[in-house]
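Structure, as structure tokens:
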Amino acid sequence: MKLNVRYAYPCTPERYWEMYWDDAFDAQLQANSTVKRELVEETDAGGVVTRKLRFTPENELPGPVAAIVGTKKLVYDQVNVWDRAASVMSWEVLPTFLSSDKFSAKGVFKVVPKGPGCELQIDGDIDVKVRFIGGQIEKQIVSQIEDAYAKMHTASVAWLEDNGTANLA
């Protein structure tokens, strides 16, 4: 299943990334999130930052799906590799609930100039190879990702306005 998310922001791509990596902004996002996120590992090799995060959603899977998958929650790790110069972050999900031959989720997270501001572009492919319910799991994952980015967009624009950084100067 394809994942395509687009949001416009009232700032430059450079300012977007500054906000994205800001500890205060991150704390604000976490305070209002329905998905617990913890940093597992981080390295910074000059122009490339690699981060491994663990995500635990509050929402549980529907009973029949949980019974087949063997878990009530879709807990997963995500590895993000951010190339500062290219303004692109690749991401890959490493599930704790299925083996890698049954699950694949990866893509790119880009911030590009657009009009007077910038646009966040998230593209990816989610593939769950579980008979009968793979499509349901894919839909649940895509829905959770879309919801998370919708909330992040609202919080991001508010944060930019509150911090006097929504201007493009």
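Sort C11, C118 so the one with the fewest other Cβ atoms within 10 Å of its own Cβ comes first.
Going from sparsest to densest Cβ surroundings: C11, C118.
Just from the alpha-carbon atoms, what are the Rg and Dmax of the stretch 1-140 in angstroms?
16.4, 49
Which helices count as membrane-span-like in the chain under these terms: full DSSP H, at least 24 Å along the axis by C-alpha, Kyte-Doolittle mean of -0.5 or more?
The qualifying helices are 134-162.
May I ask which residue of Q78, L39, Q136 lies farthest towards the positive end of the charge dipole of the chain, with charges of +1 (Lys, Arg) and -1 (Asp, Glu) on Cβ and the Cα centre as origin?
It is Q136.
Per the Kirkwood treatment, what hydrodynamic radius in Å, one decimal, follows for the stretch 92-132 from the mean inverse distance over all distinct Cα pairs?
12.2 Å
Within straight cross-link reach of K73, meaning Cα distance under 21 Å, which lysines are found once same-chain residues fewer than 8 apart are removed?
K36, K52, K102, K106, K129, K139, K151
Provide the gained length on full extension for the span K139 to D26, in nm with one decimal, where the gain is 0.36 nm per separating residue minus the Cα-Cα distance.
Contour length minus the Cα-Cα distance gives 38.0 nm.
Taking just the C-alpha trace of the stretch 1-80, give me its Rg and Dmax in Å.
Rg, Dmax (Cα atoms, Å): 16.0, 47.
Less than 14 Å from a label point 7 Å out along the Cα-to-Cβ axis of D123: which backbone N atoms in the stretch 66-107 qualify, by residue?
Answer for this model: 88-91, 106-107.
Just so you know, all these numbers are worked out from the coordinates, no wet-lab data involved. Remember, it's a predicted structure, so these values are computed and weren't measured experimentally. Cβ atoms come from the backbone with ideal geometry, glycine included; neighbour counts cover every protein chain shown.
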